[in-house]
Structure formats: structure tokens, C-alpha cells
1. What pairs can you find where one residue is in the stretch 142-166 and closer than 19 Å to F102 by Cβ, the other is hydrophobic (A, V, I, L, M, F, W, C) and in a loop (DSSP other than H, G, I, E, B), and their Cβ atoms are less than 9 Å apart, with a gap of 6+ or different chains?
2. Hey, among the residues in the stretch 19-29 that are in contact with a strand residue (DSSP E or B) (Cβ under 9 Å, 6 or more places away or on another chain) and surrounded by 12 or more Cβ atoms within 10 Å (Cβ to Cβ), which one's nearest to L117 (Cα to Cα)?
3. Condition check: surrounded by 15 or more Cβ atoms within 10 Å (Cβ to Cβ) and of a type in the set (S, T, Y). Does S41 satisfy that?
Amino acid sequence: MGHRQRRRRRPGGPAQITAKLTIPFVGEISGTWEPADAERSAAWELYLELVTRVSVEELDPDEGFLREALSSLYTFFNTTREILRRYGPDVAPPLAPGHVSFGVLAVTVLNRVLRPLLAQWHPRLSAYESQRPAGRDPVAYERDWEHAAALRREIAAVRETLVSLARTLQEVANVSDLIDLPAPRAPRSPGTSADRGTPPRRSEGS
């Protein structure tokens with residue numbers, strides 16, 4: 001018997017949600033979102049971009065690389081513009097007051113969140129990197145930068161906005177949580193009691 005062909009999943013999800021994003025050092029944007037099918041599809045694509053980048057991963061003080069984080073945010077900026085261009089006006093329809101769309105949220109994040117961070121910190125970090133002595137470890141050199149802590153704080157603030165955006169996109173796209181994935185279990189060692197099952201009870205005198 002042949003395999004049954006898997007049906008392609010059609011866009012689906014809530015007819016209406018309340019979207020709210022906090023913009024670092026500015027305020028917040030909120031409104032009712034009544035997504036069309038094109039917006040649901042675009043939401044899934046942008047959600048996938050967010051959850052597979054370091055942009056939604058917490059950057060601990062002694063871990064991570066600032067250059068990698070900025071580069072990831074820069075490419076996310078360009079990818080978001082490509083998604084907006086590909087789906088066109090369907091993701092940015094005219095709206096009544098108090099309503100938002102995929103286009104409104106995406107462009108707000110680009111222009112109010114990512115652009116200020118990249119415009120300020122990309123050239124400053126590049127200027128510092130250009131002075132790195134030959135043979136000096138780039139990670140150690142970056143962590144010695146006097147502005148490293150300030151940049152980490154601003155990246156952390158931007159990350160909160162991007163995580164909030166990702167949660168909103170997840171709800172609209174009607175997909176599972178791909179941010180807080182369960183940690184994989186450690187493999188069992190061969191021959192453990194769990195593998196063998198419960199040993200038989202020994203009889204008296206054996």
C-alpha cells in the first residue's frame with residue numbers, strides 16, 4: 001500500500017490578537033491585529049528567522065561575541081525587508097486607528113529598534129576592531145573594550161523586543177514554541193537498570 005500524501009498545511013490561527021511591543025528607550029506600540037493569510041505566512045517566515053538566530057538568545061556577560069550578535073541583527077534587518085518586499089501590500093493594508101499589521105510591526109522594529117542600534121554601534125565596534133594588534137585573540141580583545149558592557153546592555157534591550165515580536169508572530173502563525181525548546185536528555189549508559197528493566201527477585205537460598 002502506498003504512502004498517504006501529507007496534506008499541505010494551510011494558514012490558520014486566531015482571527016484577532018492584541019499585539020504589543022516595547023521599544024527600548026522610546027515606549028511601546030500596541031494595537032489590534034486581524035491578520036490576513038498573507039500576514040500569517042509572512043509571520044511564520046519572520047518567526048523562523050528570529051528563532052534560528054542569536055538575536056533571541058541571551059548574551060551572558062562572559063559568553064557570546066558582540067560582533068556575531070551585531071552581524072546577526074544586520075542580516076535579520078535585510079531579511080525582514082526581503083519578506084516585506086516579497087509579500088507586498090497584502091501585509092500592510094490600510095488600518096483603522098488602534099490597529100496594527102505585519103507591516104507596521106516589522107517596519108517599526110526595523111526603524112525604531114534595529115536601525116538606531118546598528119547605526120550607533122556598528123561603526124564604533126568596527127573602529128575598535130581595526131586597532132586589534134596582530135596575533136591578539138579577537139574575543140579577548142573585544143571583551144577588553146571599554147564600551148563592551150554598554151553594547152551588551154543595548155543588545156539585551158533589543159533582544160526583549162525581538163522575543164516579544166517572535167511570540168506575537170508565533171501566535172499569528174499558529175505554530176509551536178521554537179524559542180524555549182526542552183533541553184535534550186543525556187543518553188543512558190548501556191547496561192543501566194532502566195535498560196535492563198527490573199531484575200528478578202532472588203529466591204531464598206539462591
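1. Final answer for the pair search is V163/I179; A166/L178; A166/I179.
2. Just the residues of the stretch 19-29 that are in contact with a strand residue (DSSP E or B) (Cβ under 9 Å, 6 or more places away or on another chain), to begin with: 19-23, 28-29.
In the following step, the residues that additionally are surrounded by 12 or more Cβ atoms within 10 Å (Cβ to Cβ) were identified as 19-23, 29.
Working: A19: 23, K20: 20, L21: 17, T22: 15, I23: 12, I29: 18 Å.
The selected residue is I23.
3. Yes; evaluated as a whole, the condition is true for this residue.
Just so you know, all these numbers are worked out from the coordinates, no wet-lab data involved. Worth saying up front: this structure is predicted, and the values here are computed from it rather than measured. Glycine also receives a Cβ, built like all others from the backbone with ideal geometry; neighbour counts cover every protein chain displayed.
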